[in-house]
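The structure appears right after this line, and notes come after that.
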Amino acid sequence: NLLFYSQGSDIDHLAIFHDVLRMYGEADDAVKSRTILAIAGRSTGGPKERYEAIARAADARVKRAHAYRIGRDPTIHVAIWSTDNAGQADEALLAKVRAALESPAHGLVCDTFNVRAAVFVATDITLDVWLLPDALESILTAIPAAVTSAWSAETGMGFDLAAEWVQARAMIAGVQRARMTSVEIVAQPYQAVSIRSVTPVYRGRAY
(Lines give C-alpha, C1' and ligand atoms only; values in the text may rest on other atoms or scores of the structure.)
Protein backbone atom coordinates (compact mmCIF):
# COMPACT_ATOMS: atom_id res chain seq x y z
CA ASN A 1 0.00 0.00 0.00
CA LEU A 2 1.40 3.38 -1.05
CA LEU A 3 0.11 4.92 2.15
CA PHE A 4 2.76 3.18 4.27
CA TYR A 5 5.63 4.60 2.21
CA SER A 6 4.23 8.11 1.73
CA GLN A 7 5.20 11.29 3.53
CA GLY A 8 3.89 14.83 3.86
CA SER A 9 1.45 16.02 1.23
CA ASP A 10 1.52 12.63 -0.52
CA ILE A 11 -0.26 11.17 2.53
CA ASP A 12 -2.91 13.89 2.31
CA HIS A 13 -3.58 13.10 -1.35
CA LEU A 14 -4.08 9.41 -0.56
CA ALA A 15 -6.07 9.98 2.63
CA ILE A 16 -8.61 12.30 1.03
CA PHE A 17 -9.84 9.44 -1.16
CA HIS A 18 -11.10 7.90 2.09
CA ASP A 19 -12.62 11.17 3.36
CA VAL A 20 -9.77 11.69 5.83
CA LEU A 21 -8.40 15.23 6.18
CA ARG A 22 -5.32 16.13 8.16
CA MET A 23 -6.14 18.12 11.31
CA TYR A 24 -4.07 21.09 12.35
CA GLY A 25 -0.75 19.94 13.78
CA GLU A 26 -1.44 16.26 13.06
CA ALA A 27 1.64 14.12 12.42
CA ASP A 28 2.06 11.90 9.36
CA ASP A 29 1.80 8.65 11.35
CA ALA A 30 -1.46 9.82 12.94
CA VAL A 31 -3.02 10.59 9.53
CA LYS A 32 -1.92 7.19 8.23
CA SER A 33 -3.41 5.30 11.18
CA ARG A 34 -6.68 7.26 10.94
CA THR A 35 -6.91 6.46 7.24
CA ILE A 36 -6.47 2.76 7.94
CA LEU A 37 -9.24 2.97 10.56
CA ALA A 38 -11.50 4.80 8.12
CA ILE A 39 -11.03 2.06 5.52
CA ALA A 40 -11.69 -0.72 8.05
CA GLY A 41 -14.73 1.07 9.47
CA ARG A 42 -16.62 1.93 6.29
CA SER A 43 -19.73 0.01 7.34
CA THR A 44 -22.40 2.11 9.11
CA GLY A 45 -23.37 -1.07 10.99
CA GLY A 46 -20.89 -0.08 13.66
CA PRO A 47 -17.73 -2.20 13.68
CA LYS A 48 -15.31 -1.10 16.38
CA GLU A 49 -13.03 0.44 13.76
CA ARG A 50 -15.77 2.87 12.73
CA TYR A 51 -16.27 4.09 16.29
CA GLU A 52 -12.52 4.41 16.71
CA ALA A 53 -12.16 6.30 13.42
CA ILE A 54 -14.84 8.81 14.45
CA ALA A 55 -13.19 9.27 17.85
CA ARG A 56 -9.76 9.79 16.29
CA ALA A 57 -11.15 12.35 13.84
CA ALA A 58 -12.80 14.37 16.63
CA ASP A 59 -9.58 16.06 17.67
CA ALA A 60 -5.87 15.83 16.87
CA ARG A 61 -5.23 15.29 20.60
CA VAL A 62 -6.77 11.80 20.41
CA LYS A 63 -3.74 9.55 20.13
CA ARG A 64 -5.59 6.24 20.35
CA ALA A 65 -9.19 5.11 20.84
CA HIS A 66 -10.46 1.69 21.85
CA ALA A 67 -14.12 0.74 21.41
CA TYR A 68 -15.55 -2.24 23.28
CA ARG A 69 -18.67 -3.71 24.88
CA ILE A 70 -18.99 -5.37 28.28
CA GLY A 71 -20.85 -8.68 28.11
CA ARG A 72 -24.29 -8.39 26.52
CA ASP A 73 -24.74 -4.74 27.42
CA PRO A 74 -25.34 -2.83 24.14
CA THR A 75 -23.56 0.28 25.46
CA ILE A 76 -20.46 1.07 23.42
CA HIS A 77 -17.56 2.10 25.60
CA VAL A 78 -14.83 4.18 23.99
CA ALA A 79 -11.57 4.66 25.87
CA ILE A 80 -9.47 7.64 24.81
CA TRP A 81 -5.72 8.10 25.12
CA SER A 82 -4.55 11.69 24.68
CA THR A 83 -1.39 12.96 22.98
CA ASP A 84 -0.77 15.32 25.91
CA ASN A 85 -1.20 15.41 29.70
CA ALA A 86 0.74 12.12 30.07
CA GLY A 87 -1.95 10.41 28.00
CA GLN A 88 -4.79 11.38 30.34
CA ALA A 89 -7.75 12.68 28.30
CA ASP A 90 -9.35 15.70 29.99
CA GLU A 91 -13.10 16.29 30.18
CA ALA A 92 -13.06 18.78 27.30
CA LEU A 93 -11.50 16.21 24.99
CA LEU A 94 -13.89 13.46 26.14
CA ALA A 95 -16.85 15.76 25.52
CA LYS A 96 -15.61 16.50 22.01
CA VAL A 97 -15.28 12.80 21.21
CA ARG A 98 -18.71 12.08 22.71
CA ALA A 99 -20.30 14.80 20.56
CA ALA A 100 -18.66 13.40 17.44
CA LEU A 101 -19.87 9.86 18.15
CA GLU A 102 -23.41 11.06 18.89
CA SER A 103 -23.62 13.31 15.84
CA PRO A 104 -26.47 12.29 13.47
CA ALA A 105 -24.08 13.00 10.61
CA HIS A 106 -22.36 9.71 11.38
CA GLY A 107 -25.54 7.63 11.23
CA LEU A 108 -25.10 6.11 14.70
CA VAL A 109 -28.34 7.38 16.21
CA CYS A 110 -29.30 4.04 17.80
CA ASP A 111 -26.07 3.62 19.72
CA THR A 112 -25.40 4.63 23.32
CA PHE A 113 -21.85 5.68 24.13
CA ASN A 114 -19.79 5.86 27.29
CA VAL A 115 -16.62 7.84 26.56
CA ARG A 116 -13.88 7.61 29.18
CA ALA A 117 -10.18 8.23 29.63
CA ALA A 118 -8.03 5.21 28.87
CA VAL A 119 -5.17 6.07 31.18
CA PHE A 120 -6.02 4.65 34.60
CA VAL A 121 -2.65 5.09 36.27
CA ALA A 122 0.44 7.26 35.88
CA THR A 123 3.45 5.58 37.43
CA ASP A 124 7.01 6.37 38.46
CA ILE A 125 9.66 3.83 37.49
CA THR A 126 12.85 3.21 39.45
CA LEU A 127 15.75 1.17 38.10
CA ASP A 128 18.96 -0.16 39.61
CA VAL A 129 21.62 0.25 36.93
CA TRP A 130 25.12 -1.21 36.58
CA LEU A 131 27.47 0.26 33.98
CA LEU A 132 30.31 -1.28 31.99
CA PRO A 133 33.77 -0.43 33.36
CA ASP A 134 34.62 2.18 30.73
CA ALA A 135 31.15 3.79 30.47
CA LEU A 136 30.64 7.39 31.52
CA GLU A 137 28.32 7.76 34.50
CA SER A 138 26.57 10.57 32.61
CA ILE A 139 24.82 8.03 30.36
CA LEU A 140 22.42 7.44 33.25
CA THR A 141 20.72 10.69 32.27
CA ALA A 142 19.82 9.24 28.85
CA ILE A 143 17.92 6.25 30.25
CA PRO A 144 14.65 8.05 31.15
CA ALA A 145 14.19 9.40 27.62
CA ALA A 146 15.06 6.00 26.10
CA VAL A 147 12.40 4.25 28.18
CA THR A 148 9.64 6.86 27.87
CA SER A 149 10.08 7.38 24.12
CA ALA A 150 9.98 3.62 23.53
CA TRP A 151 6.86 3.35 25.70
CA SER A 152 5.13 6.02 23.61
CA ALA A 153 6.15 4.45 20.29
CA GLU A 154 5.73 0.74 21.00
CA THR A 155 2.83 0.37 23.42
CA GLY A 156 -0.86 1.11 23.64
CA MET A 157 -4.01 0.27 25.51
CA GLY A 158 -3.94 -3.09 27.21
CA PHE A 159 -0.13 -3.15 27.36
CA ASP A 160 1.25 -4.28 30.73
CA LEU A 161 4.12 -2.41 32.32
CA ALA A 162 6.44 -5.40 32.68
CA ALA A 163 9.90 -5.34 34.23
CA GLU A 164 11.40 -7.27 31.32
CA TRP A 165 10.21 -4.66 28.82
CA VAL A 166 11.47 -1.70 30.86
CA GLN A 167 14.83 -3.33 31.56
CA ALA A 168 15.37 -4.13 27.89
CA ARG A 169 14.71 -0.50 26.86
CA ALA A 170 17.05 0.76 29.58
CA MET A 171 19.93 -1.27 28.12
CA ILE A 172 21.44 1.58 26.14
CA ALA A 173 25.13 1.61 25.16
CA GLY A 174 27.30 1.43 28.27
CA VAL A 175 24.73 -0.24 30.52
CA GLN A 176 25.76 -3.68 31.76
CA ARG A 177 22.55 -4.54 33.62
CA ALA A 178 19.29 -2.87 34.63
CA ARG A 179 16.77 -4.11 37.18
CA MET A 180 13.38 -2.48 37.71
CA THR A 181 12.66 -2.01 41.41
CA SER A 182 9.21 -0.43 41.12
CA VAL A 183 6.03 -2.50 40.75
CA GLU A 184 4.76 -4.02 37.53
CA ILE A 185 1.28 -2.97 36.36
CA VAL A 186 -1.31 -5.13 34.59
CA ALA A 187 -3.72 -3.30 32.28
CA GLN A 188 -7.12 -4.35 30.97
CA PRO A 189 -7.59 -4.20 27.15
CA TYR A 190 -9.32 -0.80 27.48
CA GLN A 191 -6.79 0.66 29.92
CA ALA A 192 -3.49 2.45 29.38
CA VAL A 193 -0.53 3.07 31.65
CA SER A 194 1.33 6.36 31.56
CA ILE A 195 4.95 6.66 32.65
CA ARG A 196 5.33 9.81 34.71
CA SER A 197 9.05 9.51 35.44
CA VAL A 198 12.01 7.12 35.22
CA THR A 199 14.72 7.27 37.88
CA PRO A 200 17.90 5.21 37.31
CA VAL A 201 19.91 4.50 40.46
CA TYR A 202 23.63 3.88 39.93
CA ARG A 203 24.74 0.60 41.56
CA GLY A 204 28.30 0.27 40.31
CA ARG A 205 30.12 -1.37 37.43
CA ALA A 206 30.35 -4.90 36.16
CA TYR A 207 31.43 -6.92 33.13
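The values are calculated or read from the model by the stated rules, or taken from the named source; none is laboratory data. Note that the structure is a prediction, hence the values are computed from the model and not measured. Cβ atoms come from the backbone with ideal geometry, glycine included; neighbour counts cover every protein chain shown. Areas reflect the complete protein model, heavy atoms only, side chains present, ligands, DNA and RNA absent. Shrake-Rupley method; radii C 1.70, N 1.55, O 1.52, S 1.80 Å.
Tabulated data for the structure shown
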quantity	calculated
Some residue of region 154-161 being of a type in the set (Ser, Thr, Tyr) and part of a loop (DSSP other than H, G, I, E, B)	yes
Long-range neighbours under 9 Å by Cβ, at least six apart or interchain, first residue closer than 15 Å to Ile185 by Cα and modelled with pLDDT of 95 or more within region 142-161, second in a loop (DSSP other than H, G, I, E, B) and not small (Gly, Ala, Ser)	Asp160/Glu184; Asp160/Val186; Leu161/Thr155; Leu161/Val183; Leu161/Glu184; Leu161/Val186
Residue ID - most open to solvent (accessible area, probe 1.4 Å), chosen from residues in region 3-32 that are under 20 Å from Asp84 (Cβ atoms) and not charged (D, E, K, R)	Tyr24
The one condition in (1) open to solvent by 20 Å² or more (accessible area, probe 1.4 Å); (2) touching a residue at least 24 places away in the same chain (Cβ under 8 Å); (3) within 23 Å of Ala153 (Cβ to Cβ); (4) of a type outside the set (Phe, Trp, Tyr) that Glu49 fails to fulfil	(2)
Pairs, first farther than 30 Å from Val147 by Cα in region 105-133, second surrounded by fewer than 14 Cβ atoms within 10 Å (Cβ to Cβ), C-beta under 6 Å, six or more apart	Gly107/Thr44; Thr112/Thr75; Asn114/Thr75
Exclusive hit being open to solvent by less than 10 Å² (accessible area, probe 1.4 Å), closer than 22 Å to Gly158 by Cα and modelled with pLDDT under 90, set Gly71, Gly87	Gly87
Only listed residue being exposed (fewer than 13 other Cβ atoms within 10 Å of the Cβ) and outside any strand (DSSP E or B), chosen from Ala150, Ala105	Ala105
Total residues in region 153-179, condition open to solvent by less than 30 Å² (accessible area, probe 1.4 Å) and within 18 Å of Gly204 (Cβ to Cβ)	4
All positions within region 57-102 that are under 20 Å from Phe120 (Cβ atoms), touching a residue at least 24 places away in the same chain (Cβ under 8 Å) and part of a helix (DSSP H, G or I)	Ala86, Gly87, Leu93, Val97
Candidate set from region 123-165 (those that are among the β-branched types (Val, Ile, Thr) and closer than 30 Å to Ala30 by Cβ); member that is farthest from the chain's Cα centre (by Cα)	Thr141
Verdict on Ser194 being hydroxyl-bearing (Ser, Thr, Tyr), in contact with a Gly (Cβ under 7 Å, 6 or more places away or on another chain), open to solvent by less than 60 Å² (accessible area, probe 1.4 Å) and closer than 30 Å to Val20 by Cβ	yes
Failed condition for Asp134, given (1) among the charged types (D, E, K, R); (2) assigned to a loop (DSSP other than H, G, I, E, B); (3) within 30 Å of Thr75 (Cβ to Cβ)	(3)
